[in-house]
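Here's the structure we're looking at; comments come further down.
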Ligand SMILES: NC(=O)C1=CN([C@@H]2O[C@H](COP(=O)(O)OP(=O)(O)OC[C@H]3O[C@@H](n4cnc5c(N)ncnc54)[C@H](OP(=O)(O)O)[C@@H]3O)[C@@H](O)[C@H]2O)C=CC1
Ligand SMILES: C[C@H]1O[C@H](OP(=O)(O)OP(=O)(O)OC[C@H]2O[C@@H](n3cnc4c(=O)[nH]c(N)nc43)[C@H](O)[C@@H]2O)[C@@H](O)[C@@H](O)C1=O
């Protein structure tokens with residue numbers, strides 16, 4: 001884990017953790033509550049009976065503006081923070097807007113983590129991403145592969161910001177004995193995903209492209225790259241379940257991987273999405289588009305050892321997501 005794993009550091013990071021589930025009236029700020037992850041976390045918290053959620057849209061509170069974030073925390077004084085607001089996108093967006101991906105993410109996480117600490121927040125959960133690991137990390141990727149090799153160039157700007165977020169949580173834990181933890185989710189999907197044709201991740205991009213091709217009666221759909229990269233997918237409702245589990249059950253220095261443990265090639269994923277959508281034409285591979293990381297299956301055994309495992313299969317998750325897409329997105 002990039003140099004901060006020795007016993008002395010771990011011992012100095014003891015914070016005296018608090019129970020999250022014991023007080024359903026606790027004031028919880030879910031930053032980024034209208035996105036894929038934030039909306040799933042809000043659904044989960046409400047289902048569990050948490051009613052005192054503090055929510056702000058991007059328009060109401062721009063988390064990249066330091067003074068606005070400081071004023072918000074000083075007046076609202078939340079007890080818990082789940083930080084899932086970020087500049088997020090797929091391989092094309094990451095490559096095209098490197099300045100936005102590094103700057104906005106550094107700004108949001110620095111403002112929120114520091115203000116949360118200064119205003120007496122009891123516990124904060126920060127989310128990174130599996131792209132923090134080296135491009136050629138051992139597979140499945142253990143947490144301690146962090147900072148052991150060069151990053152994948154298509155998303156190194158985003159990865160550097162996310163690594164800084166992990167390190168900031170660790171630094172505040174060590175220096176201030178403050179309960180800031182980090183989870184590293186694998187590639188996610190589900191309701192409220194971003195279905196933009198170019199800037200989204202592969203799964204929603206393909207769902208939309210196959211759906212529109214089916215409606216038009218098209219014979220072919222273009223898929224990016226060679227189809228050979230392997231990816232691990234987790235339904236966002238499983239991730240939300242893991243996040244509340246971590247809020248209650250984990251208070252350690254090290255970040256924890258959150259994955260499904262199952263990987264598919266992009267070709268296999270494309271065939272599965274095609275089947276779920278009901279498109280009957282052919283796939284055409286555009287090999288001028290980047291493949292990105294060849295493989296990034298995470299080792300989530302530490303989280304499993306704490307007692308959390310995912311429940312939703314990729315097939316069931318795709319069916320659920322396509323149903324949501326038909327009811328909420330398609331024209
Ligand atoms: N999606 C994925 O596959 C993965 C996601 N993650 C992580 O999970 C977290 C959530 O991602 P996801 O839900 O997919 O992202 P989304 O893009 O779906 O949601 C991000 C949310 O953050 C808000 N936001 C962005 N910028 C600002 C800002 N300056 N001020 C206030 N709010 C802002 C967005 O609001 P608005 O839309 O109005 O701008 C949106 O509600 C991120 O930390 C991401 O890195 C990790 C691994 C994989
Ligand atoms: C979550 C994760 O997400 C990103 O990394 P990524 O896993 O490479 O993400 P992706 O979903 O965009 O692509 C996965 C694979 O799929 C192929 N692919 C085929 N056809 C389409 C397509 O139509 N769109 C997209 N986006 N990809 C396509 C594509 O060429 C690649 O081989 C980073 O933002 C990173 O920062 C991060 O954290």
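List of remarks:
- Axis of helix 236-249 versus longest Cα principal axis of the chain: the two differ by about 20°, to the nearest ten degrees.
- Relative to the longest principal axis of the Cα atoms of the chain, the long axis of helix 202-216 lies at roughly 30 degrees.
- Taking all C-alpha pairs of region 219-258, those more than 16 Å from each other amount to 58 percent.
- Report note on the peptides 182-189, 291-298: ranked by the mean count of other C-beta atoms within 10 Å, highest first, their order is 182-189, 291-298.
- Kirkwood's formula applied to the C-alpha pairs of region 99-148 gives a hydrodynamic radius of 13.1 angstrom.
- Between the Cα long axis of helix 314-328 and the first principal axis of the chain there is an angle of about 90°, rounded to the nearest 10.
- Structure remark: mean-square fluctuation, Gaussian network model of the chain, C-alpha springs under 10 Å; the largest value among 148, 265, 110 belongs to 148.
- Computed on the Cα atoms alone, the convex hull of region 132-189 gives a volume of 100 cubic angstrom per residue.
- Diffusion constant of the chain at 20 °C, which comes from Stokes-Einstein with the Kirkwood Cα-pair radius and 1.002 mPa s, µm²/s: 105
- Rounded if a/c under 1.5, otherwise prolate or oblate - region 110-237, Cα gyration tensor axes: prolate
- Cα shape, region 261-331, gyration tensor, a/c 1.5 rule: oblate
- The stretch between residue 74 and residue 315 holds 82.3 nm of extra length on full extension. This uses 0.36 nm per residue minus the Cα-Cα distance.
- Rough spin-label spacing in nm, given labels placed 7 Å along Cα→Cβ, for residue 59 and residue 264: 3.6
- Stretched out straight at 0.36 nm per residue, the stretch from residue 103 to residue 288 would grow longer than its current Cα-Cα span by 63.8 nm.
- Length released on extending from residue 148 to residue 215, taking residue separation times 0.36 nm less the Cα-Cα span: 19.4 nm
- Helical runs assigned H by DSSP (4 residues or longer) give the chain a calculated mean residue ellipticity at 222 nm of -13500 deg cm²/dmol, each run adding -39500 (n - 2.57) before division by the residue total.
Just so you know, all these numbers are worked out from the coordinates, no wet-lab data involved. It should be emphasised that the depicted structure is a prediction, and the values quoted were computed from it without experimental measurement. FYI the Cβ positions are ideal-geometry reconstructions off the backbone, even for glycines, and counts take in every protein chain you see.
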